[in-house]
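Below you'll find the structure I mean.
The values are calculated or read from the model by the stated rules, or taken from the named source; none is laboratory data. Computed from a predicted model, the values in this text were never measured in an experiment. What goes into the accessible areas is simple: the full protein's heavy atoms, side chains included, and nothing from ligands, DNA or RNA. Shrake-Rupley method; radii C 1.70, N 1.55, O 1.52, S 1.80 Å.
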Amino acid sequence: MLNPSTWNCWRGLVRCKHFLENLGVCEGVFVLFRGYMDESHDKDNRLFALSCLIATGKDWYEMERSWGLHLAAKNKELKKAGRKLLSRYHASDCSSMRGEYEGWGVTEQIGFVKGLFGIFRHTRGVHAVGYVVDLDDLCEVFPEWAKDRLETAYAILPKFVMYTIGDDFHKMSQNAPYKVTLFHDRTSLLNSPG
């Protein structure tokens, strides 16, 4: 007779197996990639950018750990100087030196960001996809959506990113069967308030 904790473990494995079967990933190799998408636009809402980083779970963990260590080292330096600590890296605030980056100098800002970019250089398996679109051009192609240019960009560019990810995976699969399944998980840990 199985004890309750062993039974719950087996039940969990059976549920996981059914979940994977429904995704069609029981044949071949199943690889879970983690990714992060972020968007940005200029103050005039003329240019809109959307990019995505993807990595295997192990590579993502290593990159996330290095990122956290870089932030922790900077916060240690800021705390020692009696300055405002960083809750996370926020590109637009950093580039305009506002919010948590208020009072920073250009040299400090560039040094900090170069350290973050260095993490990507030392990570083995990060795949990047990105698009930048001129919203005037986009609304010329889709005039029916011209009244809300940002909504149009939010609706269209993720599709381009997902298509490109699928196309890239197809090229990298070297004719082996593959399937890309997208899970959308928005976490409050990465989203800044406001």
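Two decimals, Cα atoms only, Kirkwood Rh: what is Rg/Rh over the stretch 75-123?
Values: Rg = 11.1 Å, Rh = 11.4 Å.
Rg/Rh: 0.97.
Ok, one more. Can you give the accessible area of residue 102, probe radius 1.4 Å, in Å² rounded to 10?
140
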